[in-house]
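First comes the structure, then the notes that go with it.
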Amino acid sequence: MAGSKQLITIKGTRDGLTLYIDDSCSFSEMLTELEATLSTNHVAEDEPMITVTIQLGNRYLHENQEEQLRELIRSKNKLVVQSIESNVIPKKQALDWLEDSEVKVVNKVVRSGQVIEVQGDMLLIGDVNPGGKIMASGNIFVMGNLRGVAHAGVPNNREAVIAAAYMKPTQLRIADYISRSPDYETEGVYMECGIIDHEQEKIIIDRLQILARKRPDINGFERRMIHG
Amino acid sequence: MGEAIVITSGKGGVGKTTTTANIGTALALMEKKVCLIDTDIGLRNLDVVMGLENRIIYDIVDVIQKRCKLKQALIKDKRFDCLYLLPAAQTSDKSDLTPEGMEAIVAELKQEYDYILIDCPAGIEQGYKNAVAGADKAIVVTTPEKSSVRDADRIIGLLEKEEKVEPPHLIVNRIRNHMVKNGDMLDVDEIVQILSIELLGIVADDDEVIKASNHGEPVAFHPNTKASLAYRNIARRILGETVPLLSLEEEKGMFAKMKKFLGMRS
């Protein structure tokens, strides 16, 4: 029976406590057990706050369940919930991650008046003409002439970049930053990228090579998981 | 079975009507049966450019509203027996023309004529939709100005969405070579690169064009001007011939020679 098996294991680490919660019992069982366990562990008044990390294993909590759990732990003095970790996520969230981490290939000329919007990164094989607009929640890579408007990191990913084989945009937008072309006639630039420079707090355009240094996590798949 | 070509531009005043009249004339010169349709309801002027204004009795709206037969509304050109015009209505409203009505008219004309050239009104609203409705092919006219190229780009985007219409071809009209040379005007390569569609022809800015159309006689009818040659070449390309682009240099070359000559003397 449930009583015979330990549902909650507490481990102390340098960063605080970690609660391992058995993932085969019901949520109410878990709460009762937790209540009991935490009540028996009394702490002295003068000790500092203890941070708690909760490992749920293969259990998934709804938002209100999570709130209940936090509430319970908060009610015990001296305990602060640092994070709740679980091995499982809902399918929808997983698909959203996948969507966000995919590179969408678009093969066309984006003409004046046309808007192309994608989730995730966009690889445009073609041009963006003046008056045309492309938007992506991730990065934008244009293998062609970027003469219109490109908006990367919609709505709030400030790490997003815009790279183009030929760059002469009317506007570059990344997350909530906007930069526009100068008022005098300029030649475009080849193989450059636009990123947000965090020190200057604005979008800068520089050679593609700086990306390796400034945005190393464009590489690979792992970063997507981190973002998720 | 004929072919219907819509001539459009988005922006007004770039020379759609002049182009329609001249390509029509040039095709007629090559003994093709051609019918021109003016779809600019309320602001017709293809008839004026062709010099046929005084012969209009019925117009396209009369045909659509069945006040007359299609054949009754067609006006035969005064120079060619194989060239006809279906004029636009001057007093009706744009909404009197419908895409379905246009399709029916064009389909009927295609039985009889080799080429049906549809002169499209400026803009991208109802008038444009009507004009494009029956077309198989499209020609986009632009001038070497940014605003005109921008609108041409917009129109090309819209034309690409029309499933029945083949990818449009481009005519760059009113090129002033000395301005292009000075970098004050976009050059043809630049325009073609931006619009990325096939170039059908280039026409230099020529006073003769305005003179001729004021006389109600398309410039293509007179053989010895540059613009006329340009339009005739465009017609030949429509027929499938491979004709090299006209050089814009010629006059400039003479001018340069003269300058050189003067330079030597001073």
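Coordinate-derived values only; no laboratory data. Computed from a predicted model, the values in this text were never measured in an experiment. Glycine also receives a Cβ, built like all others from the backbone with ideal geometry; neighbour counts cover every protein chain displayed.
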Next item on the list: Please report B:Lys76, B:Lys11 as a ranked list, fewest other C-beta atoms within 10 angstrom at the top and most at the bottom.
Entry: B:Lys76, B:Lys11
Next item on the list: Can you spot the lysines whose alpha carbon is less than 19 Å from A:Lys78's alpha carbon? Ignore those fewer than 8 places along the same chain.
Entry: A:Lys11
Next item on the list: Work out the charge dipole of the stretch B:3-265 with +1 on the Cβ of Lys and Arg and -1 on the Cβ of Asp and Glu about the Cα centre, then indicate which of B:Ile194, B:Val172, B:Val61 is farthest towards its positive end.
Entry: B:Val172
Note to self: For a 21 Å ceiling on Cα separation, which of these pairs sit above it: B:Lys33/B:Lys110; B:Lys76/B:Lys226; B:Lys33/B:Lys66?
What the structure shows: B:Lys76/B:Lys226; B:Lys33/B:Lys66
Next item on the list: Using only Cα atoms, tell me the angle between helix A:63-75 and the longest principal axis of chain A; keep it within 0 to 90° and round to the nearest 10.
Entry: 50
Notebook entry, point to check: What shape does the stretch A:131-213 take by its C-alpha gyration tensor, where a ≥ b ≥ c are the square roots of the eigenvalues and a/c under 1.5 counts as rounded, a/b above b/c as prolate, and the rest as oblate?
Noted result: rounded
Item checked: aspartates and glutamates whose Cα lies under 20 Å from that of B:Lys161, excluding same-chain neighbours fewer than 8 positions away -> A:Glu117, A:Asp127, B:Glu3, B:Glu100, B:Glu103, B:Asp119, B:Glu125, B:Asp136, B:Asp151, B:Asp153, B:Glu198
Margin query: Using a Förster radius of 22 Å, what is the FRET efficiency between B:Glu125 and B:Val48 based on their Cβ-Cβ separation? Nearest 0.05, please.
Written below: 0.40
Notebook entry, point to check: When we measure straight from the Cα of B:Lys146, which lysines land under 18 angstrom away, once same-chain ones fewer than 8 places off are left out?
Noted result: A:Lys133, A:Lys168, B:Lys11, B:Lys16, B:Lys181
Next item on the list: For A:Tyr184 paired with B:Glu100, estimate the spin-label separation in nm (one decimal), with each label point 7 Å from Cα along the Cα-to-Cβ line.
Entry: 5.9
Note to self: On C-alpha positions alone, give me the angle between the axis of helix B:16-29 and the longest principal axis of chain B, in degrees, nearest 10.
What the structure shows: 90
Next item on the list: Describe numerically, in nm with one decimal, the distance between label points set 7 Å from Cα along Cα→Cβ at A:Thr37 and at A:Val80.
Entry: 2.2
Next item on the list: Compute the label zone of A:Glu102 within the stretch A:119-138: residues whose backbone N is under 20 Å from the point 7 Å along Cα-to-Cβ.
Entry: A:119-126, A:134-138
Note to self: Run the helix sum for the protein assembly as shown: -39,500 (n - 2.57) per DSSP H stretch of 4+ residues, divided by residue count, reported at 222 nm to the nearest 500 deg cm²/dmol.
What the structure shows: -10000 deg cm²/dmol
Note to self: Could you tell me the extents of the protein assembly as shown's C-alpha atoms along the three principal axes, largest first, rounded to whole Å?
What the structure shows: 109, 73, 35
Next item on the list: Run through the DSSP bridge list for the stretch A:98-227 and note the antiparallel percent, rounded to the nearest 5.
Entry: 35
Item checked: Rounded to 10°, Cα long-axis angle of helix A:91-101 versus longest principal axis of chain A -> 30
Next item on the list: Take the Cα of A:Ala165, step 7 Å along the line toward its Cβ, and report every residue of the stretch A:185-203 whose backbone nitrogen sits under 14 Å from that point.
Entry: A:190-192
